[in-house]
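Chemist: Sharing a structure here in C-alpha cells format.
The values are calculated or read from the model by the stated rules, or taken from the named source; none is laboratory data. Worth saying up front: this structure is predicted, and the values here are computed from it rather than measured. Because the Cβ atoms are built from the backbone with ideal geometry, glycine has one as well, and the counts that use them run over all protein chains shown. In case anyone asks, the SASA skips ligands and DNA or RNA and just uses the protein heavy atoms, side chains included. Shrake-Rupley method; radii C 1.70, N 1.55, O 1.52, S 1.80 Å.
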Amino acid sequence: MALTRFTITAVRNLQPVTLSPSPRINILSGDNGSGKTSVLEAIHLLGLARSFRSTRLMPVIQHEQPACTVFGQVQMADGRQANLGISRDRQGEFQIRIDGQNARSASQLAEALPLQLINPDSFRLLEGAPKIRRQFLDWGVFHVEQRFLSAWQRLQKALRQRNSWLRHGTLDAASQAAWDRELCLASDEIDSYRRAYIQALKPVFEKTLSELVELEGLTLSYYRGWDKDRALSDVLSSTLQRDQQIGHTQAGPQRADLRLRLGQHNAAEILSRGQQKLVVCALRIAQGHLLNEAKHGQCIYLVDDLPSELDEHHRRALCRLLEDLHCQVFITCVDHELLREGWRTDTPVTMFHVEHGGITQTHDHRE
Ligand SMILES: Nc1ncnc2c1ncn2[C@@H]1O[C@H](COP(=O)(O)OP(=O)(O)OP(=O)(O)O)[C@@H](O)[C@H]1O
Ligand SMILES: [Mg+2]
C-alpha cells in the first residue's frame, strides 16, 4: 500500500502542492521551520483525521484560511486504488471522503491508510501513560483482527453503563448483572485478541531490536488490566465497593498495559534517549512486519527527524530496517547528506527539499 499522489492545501505554512512520492523511501529535507513536519502532519491527517502535534486541529489550518484539505490516492496491495480526502474548517466541521462517498468515521480512514509515526515524542510510548501503550497495542490488533473493533465498541458501551450505574445507581440489580455479563464477555474477547497479538509481536520485536541495538535482557510483557489468575467477574465483585466510592470501574481491558523491562527495572528509567528511540522504532517496525504478514498490505511510516539522537551506526541500522520492510516511508531531516547514501541501488528513493513552505523534488528514482 502506498500513497501515489497527494495534494495538500492550507496546512500550516505549506503552499498548495501535489506530490508524487516514491512507493518506498521519501526523504524531505530543509531548514528548521521550513515545513517538513507539516507534510507528515498532512499525511497523518489523511490517515487518522487528526494531528499528532496538537489535540485541536485549529492550529493546523493555515492562518487566514477557512479550512485545510488533504487528498490522497492510495494504491492498495491488491491493485485497487482508493481516493481519500479530508477537510476541516475553523468551525470544527469535518468532511471525510472515501472514493467519492462521505465516510462516517475516522476508523474507515485508518483502515484504508494504516500509518506508523516515529517522531521526537515517540519515547512517550515507553515513559508515558498506559493509554499510549494501549493505543499502540490496539493499532496492531485492529489491523490484524477484524473482530476487534466490534468487541471494543461493546466493551465501551458496557463500561459506560456500569460507570453510570456506579455513580447514580439508577438501574435495578438484575439488569445491571446482565450488563456486567456483557462487559466480561467483551473483556475476555479483547484480552484474547490482545494476548494473541503480543505473542506474535514479541519474537518479531526481539529480532528487530537485536538488529538495531544491543540491549541484553530487555523484555516485553502484557498486562491485561486485571489479575491474570482470576475471572473479571470475580474481580469486579470484590472491588465493587471501591468502584462505587470512586465512581468508575478499576479493573478490565481499559486498564491493560505493556511492560518493557530491563532486568528488574522499568526500561524507560534506565535507557538513554537514543536507546529509547531505538526500542520504539523496533516496536513500530515489528508492527509493520505483522501487518505485512496479516493483510499482505502495508502501513506507511512517517519518521520525523530520523537522525536526531542517533549516531551514524544506529542511523544506518534504522534505515536498513525501514528499507527491508518494503513499505512506503516518509523521512524528514535537516541535513539530507546524512540520509542520501547507503540505500540499496534497487530501492526507489525520492528526495524533496522544503523551503519556506514550498516543496521541490530534487531527486527521483525514475530519473
Ligand atoms: N497555522 C499556521 N499557519 C501558518 N504557518 C504556521 C501555522 N502553524 C505553524 N506555522 C509555521 O509553519 C512552519 C511549520 O514548520 P514545521 O514544524 O513543519 O517545520 P519543520 O521543517 O519540521 O522544522 P524543524 O526542522 O524545526 O522541525 C513554522 O515556521 C511555523 O511557524
Ligand atoms: Mg519538524
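Chemist: Can you say whether Leu321 is modelled with pLDDT of 95 or more, in contact with a helix residue (DSSP H, G or I) (Cβ under 7 Å, 6 or more places away or on another chain) and under 22 Å from Phe52 (Cβ atoms), as far as the supplied structure shows?
Modeler: yes
Chemist: May I pose another question? With respect to Gly252, is the statement that it is surrounded by fewer than 17 Cβ atoms within 10 Å (Cβ to Cβ), of a type outside the set (A, V, I, L, M, F, W, C) and touching a residue at least 24 places away in the same chain (Cβ under 8 Å) true?
Modeler: no
Chemist: When you scan segment 17-48, how many residues do you find that are part of a loop (DSSP other than H, G, I, E, B) and within 16 Å of ligand 2 (Cβ to nearest atom)?
Modeler: Adding up the residues that qualify gives 5.
Chemist: Can we say Ile27 is within 25 Å of His143 (Cβ to Cβ), touching a residue at least 24 places away in the same chain (Cβ under 8 Å), in contact with a Leu (Cβ under 6 Å, 6 or more places away or on another chain) and not aromatic (Phe, Trp, Tyr)?
Modeler: No, not satisfied.
Chemist: Related question: I'd like to check which strands (runs of 3 or more DSSP E) are fully inside segment 293-364 and have at least 1 residues that are small (Gly, Ala, Ser) and open to solvent by 10 Å² or more (accessible area, probe 1.4 Å).
Modeler: 358-363
Chemist: Can you pull out the residues in segment 5-16 that are open to solvent by 10 Å² or more (accessible area, probe 1.4 Å) and within 16 Å of ligand 2 (Cβ to nearest atom)?
Modeler: Of everything in segment 5-16, those that are open to solvent by 10 Å² or more (accessible area, probe 1.4 Å) and within 16 Å of ligand 2 (Cβ to nearest atom) turn out to be Arg12, Asn13.
Chemist: Let me ask something additional. Just a yes or no: is a residue in segment 30-42 buried (at least 18 other Cβ atoms within 10 Å of the Cβ) and closer than 24 Å to Gly100 by Cβ?
Modeler: yes
Chemist: Gly79 is checked against (1) assigned to a loop (DSSP other than H, G, I, E, B); (2) touching a Gly at 6+ places or on another chain (Cβ under 9 Å); (3) surrounded by fewer than 22 Cβ atoms within 10 Å (Cβ to Cβ) and fails just one. What number does that condition carry?
Modeler: Every condition holds for Gly79 apart from (2).
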